[in-house]
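Notes follow once the structure below has been shown.
The values are calculated or read from the model by the stated rules, or taken from the named source; none is laboratory data. Computed from a predicted model, the values in this text were never measured in an experiment. All Cβ positions, glycine included, derive from the backbone under ideal geometry; neighbour counts span all protein chains shown. Keep in mind that these areas ignore ligands, DNA and RNA; they rest on the heavy atoms of the full protein, side chains included. Shrake-Rupley method; radii C 1.70, N 1.55, O 1.52, S 1.80 Å.
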Amino acid sequence: MNEEEYCPRDGATFEKALKVNPRERLKAREVCPLDVIDNLNEIVAKGYEEVPEEDFVLLKWWGVIHEKPKIGKFSIRIGIPGGRLTPTQLREAGELAKEFGDGNIKVTTRQGLHIFGVNLKQSQEVMDAIKDSGLELAGGCGDAPRNITTCPLAGLNPDELFDPWNTLNLLVKTFVGNREYASLPHKYKISLDTSPDHCNIPEINDVALLGVEKDGEFGFTPLIGGGGALPARHGRHMPVFLDRGEEAVKFVVAYMNAWQENPKYRMSFAKARSKFLVDDCDMDNVRKEVESRIGYELEDYLEKPTLRVESHHLGVGEQKQEGLKYIGFPILSGMLNYEQAIKIADLAEEVGAELRATTQQNLIFVNLPEEELDGTITKMEDIGFTLKQSKIRKYAIGCTGHPYCVSSLGLGTSAREELEEIINHLEETIGDLDLTINSAGCPNGCSRPWLADIGIQGTSKLLPDGERTQAFNVLLGGGRREGEAVLARLILKMALPEDVKLSIERVVRTYLNEKQEGETFKDFTWRHEVNELKKMMVG
Ligand code: HEM
Ligand code: SF4
């Protein structure tokens, strides 16, 4: 195949990329970026002040992420394929957060865990302990395949098409910690599921495999080129059918190689995600390129998958295994402390349950016998997690943000604090609402603000005295609608923290007063122009 036949390179070469893109030079410094770990003792011995920033960037490949302010504290991101977590592993994370971190733990939107405030000197010890507990650190961050996500009830959900774990395990074996795939142009997010509502949010992944049936055979059809950061893109359907064995894996590898071996996506880190390949090349051409790499033509699957409003799997539900139930507990912004983590682990062990981390930052107890339900709910209440919460609180998602994340502004109210403010205010003034609110500290969109009824995005505002102050953009109408994922529209720019909740209250009240029969908040926002919504918000 002519290298340029399907997806043009526009004059880009790997040599040019090395010259113009410092990130490519950094990756080329090591045989493989993951090799930085071999120098960890040396890096630590230098003393924090002497460590070049480049080493810190490379440590991200192992999930070791510099915190703000940069004074030598790190977050450790733990990958949990499919969010499948044993009580022992959660306890280990709790113990590590207590002994080496600041005591806090976060369940992330990629079904992983974060622990915070780890001193560089102790990072090796923490990493060894995490590895020993069977959890994964490679690819926690950096330009490599990230934690592979799925429906947290995969294998348990009575409504799923088939159990996706065989394929998921094949993907994990192929991608996680694979040195060959650790020097990609950017991160590579993989997800797969066979659940009816695709609660794993496949649309924001580089590649997502969605379970389908064709002529009585189960398999997958892919969405490719999704990405939640600006410019946000939803995965686009490549109309092919993949069998659920090696073919599915070959596809994910071939698409990754079509992207990573095209130097055009190495020229600028800002334009490196695989979504740009799908923007640049016709879908037919991407398909031909992938097929030529696999070595044969793929079967057609023309029906575009429907994305209906996703379940958060909260509360008590049935499993496909007779007599076993699950209970999903909402955790606001996924934040818990080490004591809670250890108590949850103990409780899960006591009742014979396993745990699942969800892409909505919650934890699910699975494999519970009927007789353990009431006791588990009561004990979780004692630990601090009740099922009796308003829907707006249960469904909300908040990013890591201030005080940990280097991209957060930290000029005042953090995005997580703002989220709580908004929820408290709506609960007090209006009551419960069936709405999703996702709050992010900056435009990177780690909490998917573009995919919520109400999205909050941290920014700053220049005051007349020349000072910068914390502000938030407010987005409305994102998420699943009419079987598709839609991106929210930016309605309010640079609102001051104290005004955000009032503006949201106004637009929600207008919706409640003026909605048509059966109309959702999302549909209501799409029935109005941006300017009309803005007017409703500013009052
Ligand atoms: C260029 C910078 C960054 C971009 C573009 C970016 C983008 C994203 C996106 C789109 C997600 C969505 C989750 C998913 O795919 O399921 C995500 C997740 C996440 N990101 Fe970032 N991110 C950036 C930097 C950071 C930094 C500096 C941190 C600092 C700690 C961070 C922390 C997280 C975490 C913890 C998650 C999981 C979500 C959660 O539970 O909060 N990200 N990121
Ligand atoms: S959205 Fe921004 S502030 Fe929040 S965790 Fe992501 S990068 Fe940090």
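Could you check segment 395-425 and list, in sequence order, the residues that are farther than 18 Å from Ser503 by Cα and more than 16 Å from ligand 1 (Cβ to nearest atom)? Residues satisfying the conditions are Leu411, Gly412. When segment 246-271 is limited to residues that are among the hydroxyl-bearing types (Ser, Thr, Tyr) and either farther than 15 Å from Gly225 by Cβ or in contact with a strand residue (DSSP E or B) (Cβ under 9 Å, 6 or more places away or on another chain) (or both), the one that is least open to solvent (accessible area, probe 1.4 Å) turns out to be Tyr255. Total residues in segment 513-539 satisfying the condition of being open to solvent by less than 70 Å² (accessible area, probe 1.4 Å), assigned to a helix (DSSP H, G or I) and of a type outside the set (S, T, N, Q): the figure is 8.
Here segment 361-380 is the region considered, the condition is being among the β-branched types (Val, Ile, Thr) and not in a strand (DSSP E or B), and the residue that is surrounded by the most Cβ atoms within 10 Å (Cβ to Cβ) is Thr376. Exactly one residue out of Lys60, Lys68 is within 11 Å of ligand 1 (Cβ to nearest atom), part of a helix (DSSP H, G or I) and modelled with pLDDT under 95, and it is Lys60. Annotation: of all residues in segment 397-433 being closer than 18 Å to Thr359 by Cα and open to solvent by 10 Å² or more (accessible area, probe 1.4 Å), the one that is farthest from ligand 2 (Cβ to nearest atom) is Arg416. Filtering segment 102-123 to residues that are touching a Ser or Thr at 6+ places or on another chain (Cβ under 7 Å), more than 7 Å from ligand 1 (Cβ to nearest atom) and open to solvent by 10 Å² or more (accessible area, probe 1.4 Å) leaves nothing.
Does at least one position in segment 330-340 carry a residue that is surrounded by fewer than 16 Cβ atoms within 10 Å (Cβ to Cβ) and either out of contact with any helix residue (DSSP H, G or I) (no Cβ under 9 Å at 6 or more places or on another chain) or not polar (S, T, N, Q) (or both)? The answer is yes, given that some residue of segment 330-340 is surrounded by fewer than 16 Cβ atoms within 10 Å (Cβ to Cβ) and either out of contact with any helix residue (DSSP H, G or I) (no Cβ under 9 Å at 6 or more places or on another chain) or not polar (S, T, N, Q) (or both). Selection of strands (runs of 3 or more DSSP E) fully inside segment 288-359 by the criterion of at least 1 residues being among the aliphatic types (A, V, I, L, M) and either modelled with pLDDT under 95 or outside the structural domain of Gly82 (by TED's automatic domain parsing) (or both) returns nothing. For Asp102, indicate whether it is outside any helix (DSSP H, G or I) and over 28 Å from Glu30 (Cα atoms). Yes; evaluated as a whole, the condition is true for this residue.
Got at least one residue in segment 381-396 being in contact (Cβ under 8 Å) with a residue 24 or more places away in the chain, aliphatic (A, V, I, L, M), buried (at least 16 other Cβ atoms within 10 Å of the Cβ) and more than 16 Å from ligand 2 (Cβ to nearest atom)? Yes, some residue in segment 381-396 is in contact (Cβ under 8 Å) with a residue 24 or more places away in the chain, aliphatic (A, V, I, L, M), buried (at least 16 other Cβ atoms within 10 Å of the Cβ) and more than 16 Å from ligand 2 (Cβ to nearest atom). Looking at Val252, Val316, Val290, just one residue is within 29 Å of Gly483 (Cα to Cα), touching a residue at least 40 places away in the same chain (Cβ under 8 Å) and within 21 Å of the chain's Cα centre (by Cα), and that residue is Val252. Residue check: is Val278 in contact with a Lys or Arg (Cβ under 9 Å, 6 or more places away or on another chain), open to solvent by 30 Å² or more (accessible area, probe 1.4 Å) and touching a residue at least 12 places away in the same chain (Cβ under 8 Å)? Considered against the rule, which asks whether it is in contact with a Lys or Arg (Cβ under 9 Å, 6 or more places away or on another chain), open to solvent by 30 Å² or more (accessible area, probe 1.4 Å) and touching a residue at least 12 places away in the same chain (Cβ under 8 Å), Val278 comes out as no. Could you say whether any residue in segment 353-360 is open to solvent by 10 Å² or more (accessible area, probe 1.4 Å), charged (D, E, K, R) and within 26 Å of the chain's Cα centre (by Cα)? Among the residues of segment 353-360, at least one is open to solvent by 10 Å² or more (accessible area, probe 1.4 Å), charged (D, E, K, R) and within 26 Å of the chain's Cα centre (by Cα), which makes the answer yes. Out of the residues in segment 454-478 that are away from ligand 2 (no atom under 16 Å from the Cβ) and buried (at least 24 other Cβ atoms within 10 Å of the Cβ), state the one that is farthest from Val538 (Cα to Cα). So, considering only residues that are away from ligand 2 (no atom under 16 Å from the Cβ) and buried (at least 24 other Cβ atoms within 10 Å of the Cβ), the one farthest from Val538 (Cα to Cα) is Gly477.
Screening Lys187 with (1) surrounded by fewer than 24 Cβ atoms within 10 Å (Cβ to Cβ); (2) more than 16 Å from ligand 2 (Cβ to nearest atom); (3) at pLDDT 95 or above gives one miss only, at (2). Can you confirm whether Leu451 is in contact (Cβ under 8 Å) with a residue 40 or more places away in the chain and either surrounded by fewer than 20 Cβ atoms within 10 Å (Cβ to Cβ) or within 11 Å of ligand 1 (Cβ to nearest atom) (or both)? Spelling it out, Leu451 is indeed in contact (Cβ under 8 Å) with a residue 40 or more places away in the chain and either surrounded by fewer than 20 Cβ atoms within 10 Å (Cβ to Cβ) or within 11 Å of ligand 1 (Cβ to nearest atom) (or both). Against the conditions (1) open to solvent by less than 10 Å² (accessible area, probe 1.4 Å); (2) more than 16 Å from ligand 1 (Cβ to nearest atom); (3) closer than 29 Å to Tyr404 by Cα; (4) in contact with a helix residue (DSSP H, G or I) (Cβ under 6 Å, 6 or more places away or on another chain), Lys501 satisfies every one except (1).
Scan segment 336-358 and tell me whether some residue there is under 28 Å from Glu505 (Cβ atoms) and touching a strand residue (DSSP E or B) at 6+ places or on another chain (Cβ under 7 Å). No, the conditions are met nowhere in segment 336-358.
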